[in-house]
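S.K.: The structure that follows is given in the form of structure tokens.
The values are calculated or read from the model by the stated rules, or taken from the named source; none is laboratory data. As the structure is a computational prediction, the values presented were derived from the model and not from experiment. As a convention, Cβ positions derive from the backbone with ideal geometry for all residues, glycine included, and neighbour counts pool all protein chains shown. Areas reflect the complete protein model, heavy atoms only, side chains present, ligands, DNA and RNA absent. Shrake-Rupley method; radii C 1.70, N 1.55, O 1.52, S 1.80 Å.
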Amino acid sequence: SSSMMVNDYYDSRTSISLLYNSSKKNLINGKVPSLVVKRCLSYIYATLLVCLALVPGMAARLAVVTSSMLTFWYTQHLKPITWLKNVTCAAIVAMAPFTSFTAASEVWRNANLWRLTAMLFCGFMGREMLMDMVDVEEDSRSQIPTVPVKYGTRFASRMTLVLTLVMTLLAGVGNMNWKNRVLGVVGGGIQSLRMAQITMLQHGQNQQPTDLMKRAIEEGKTTLLLLLASFL
């Protein structure tokens with residue numbers, strides 16, 4: 001919640017917000033004063049610091065501190081840098097199971113833990129890039145140098161497909177239980193087929209399949225459950 005508020009706060013202070021005056025986000029469209037947001041954020045981060053002392057294990061505490069710092073720096077310092085914005089978002093999500101596991105067991109040398117972390121990183125890296133492809137026109141007008149804006153949607157679609165295939169490979173390889181392996185392959189396979197379809201449409205017909213990309217983003221919520229279930 002704090003990262004979203006910080007993101008909207010900085011967007012409301014820049015010229016980018018001029019493109020979103022009709023936005024449903026009350027901070028960007030001016031319905032919520034910035035002073036209220038800053039005060040709320042001060043309470044949230046103060047609570048975070050108190051709760052941090054209760055997190056067991058040095059590795060888990062370090063992960064929480066790193067994620068918190070990244071969310072605070074994201075909009076102002078990391079978002080304007082191509083690639084780094086996607087890497088940051090993916091890393092924050094991927095560190096979630098690492099934080100939980102190390103807090104519970106204080107053991108971080110676990111092959112399945114790192115496989116799950118890498119799978120989530122690749123999956124969300126591709127998902128973030130896919131979302132940037134949907135917003136490529138707005139980002140281009142706002143001069144946000146995302147991967148699709150800087151290198152084109154064709155290149156971005158190929159990269160997203162590669163990341164999705166790596167995610168599927170990580171979910172399927174290493175599972176000794178065949179049921180878990182099937183869940184991983186099915187979940188990743190659905191996303192891989194959808195990304196392959198999007199890539200072929202962009203290369204073959206030279207068009208931007210926005211509706212298909214939005215559908216892939218929504219389907220990703222379901223396939224993520226299958227991918228996570230493959231590690232149970």
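S.K.: About its Cα centre, how strong a charge dipole does the range 92-149 have in debye, to the nearest 20, once Lys and Arg get +1 and Asp and Glu get -1 at the Cβ? The partial results should precede the final answer.
M.R.: On the way: 4 positive and 7 negative charges, 83 e Å.
It works out to roughly 400 debye.
S.K.: Pairs Lys38/Lys79; Lys85/Lys150; Lys79/Lys150; Lys31/Lys85; Lys179/Lys221: which are spaced more than 22 Å apart, C-alpha to C-alpha? Let's see the in-between values first.
M.R.: Numbers: Lys38/Lys79 20 Å; Lys85/Lys150 13 Å; Lys79/Lys150 14 Å; Lys31/Lys85 27 Å; Lys179/Lys221 20 Å.
Those over the limit are Lys31/Lys85.
S.K.: Got a number for the accessible area of Met4? Probe 1.4 Å, square angstrom, nearest 10.
M.R.: Met4 has an accessible surface of roughly 130 Å² with all protein chains in place.
S.K.: Still on this structure, please answer the following. With a 1.4 Å probe and all protein chains left in place, how much of the accessible area of the range 82-232 comes from carbon and sulfur atoms, in whole percent? Provide the component values of the computation, followed by the final result.
M.R.: Working: 4930 of 7740 Å².
Roughly 64 percent of what the probe reaches on the range 82-232 is carbon or sulfur.
S.K.: Let me ask something else. Helix-only estimate, please: 222 nm mean residue ellipticity of the chain, summing -39500 (n - 2.57) across DSSP H runs of length 4 or more and dividing by its residues, to the nearest 500. Before the final figure, lay out each step's value.
M.R.: Working: 10 runs with 171 residues, N = 232.
Result for the chain: -24500 deg cm²/dmol, rounded to the nearest 500.
S.K.: When the chain is modelled as a GNM with alpha-carbon springs shorter than 10 Å, which of Asn86, Asn112, Asn177 fluctuates the most?
M.R.: Comparing Asn86, Asn112, Asn177 in a Gaussian network model of the chain, the most mobile one is Asn177.
S.K.: Hey, if we sort Val55, Val186 by accessible area with the 1.4 Å probe, largest down, what's the order? Intermediate values should be presented prior to the final figure.
M.R.: On the way: Val55 30, Val186 70 Å².
Most to least solvent-accessible, the answer reads Val186, Val55.
S.K.: Put +1 on the Cβ of every Lys and Arg and -1 on every Asp and Glu Cβ in the chain; which of Val166, Pro209, Ala229 then has its Cα farthest towards the positive end of the dipole?
M.R.: Of the listed residues, the answer is Ala229.
S.K.: Hey, could you grab the Kirkwood Rh for the range 30-76? Inverse mean 1/r over distinct alpha carbon pairs, Å, one decimal.
M.R.: Numbers: mean 1/r = 0.0828 Å⁻¹.
Here the Kirkwood hydrodynamic radius works out to 12.1 Å.
S.K.: Of the labelled options (1) 1.05; (2) 1.26; (3) 1.10, which one gives Cα Rg over 2.2 N^0.38 Å as computed for this structure?
M.R.: Read-out taken from this structure: (3).
S.K.: Taking R0 as 22 Å, what FRET efficiency do you get between Met69 and Ala104 from their Cβ-Cβ distance, rounded to the nearest 0.05?
M.R.: Working: r = 23 Å, r/R0 = 1.05.
It comes to 0.45.
S.K.: Then there is this: Considering only Ala111, Ala156, Cys122, whose Cα is most displaced toward the positive end of the charge dipole of the chain, charges sitting on Cβ of Lys, Arg (+1) and Asp, Glu (-1)?
M.R.: It is Ala111, whose Cα lies furthest towards the positive end.
S.K.: Kyte-Doolittle mean at least -0.5 and Cα extent at least 30 Å along the axis: which DSSP H helices of the chain qualify?
M.R.: Details: long enough: 84-105 (31 Å, 1.13); 111-134 (35 Å, 0.78); 178-204 (37 Å, 0.15).
Membrane-span-like by this criterion, though nothing is claimed about a membrane: 84-105, 111-134, 178-204.
S.K.: Would you mind working out the accessible area per residue for the chain, using a 1.4 Å probe, and quoting it in Å²?
M.R.: Working: 12940 Å² over 232 residues.
Computed with neighbouring chains in place, this is 56 Å² per residue.
S.K.: Also, quick follow-up: Which order do you get for Tyr43, Tyr10 if you rank them by accessible area with a 1.4 Å probe, largest at the top?
M.R.: On the way: Tyr43 145, Tyr10 40 Å².
The ordering from most to least exposed comes out as Tyr43, Tyr10.
S.K.: In addition: Which distance in nm do the two modelled labels at Gln143 and Ser42 give, with both placed 7 Å along the Cα-to-Cβ direction?
M.R.: 3.2 nm
S.K.: Further, regarding this structure: How much of Asp135 can a 1.4 Å solvent probe reach, expressed as accessible area in Å² and rounded to 10?
M.R.: Approximately 60 Å² for this residue.
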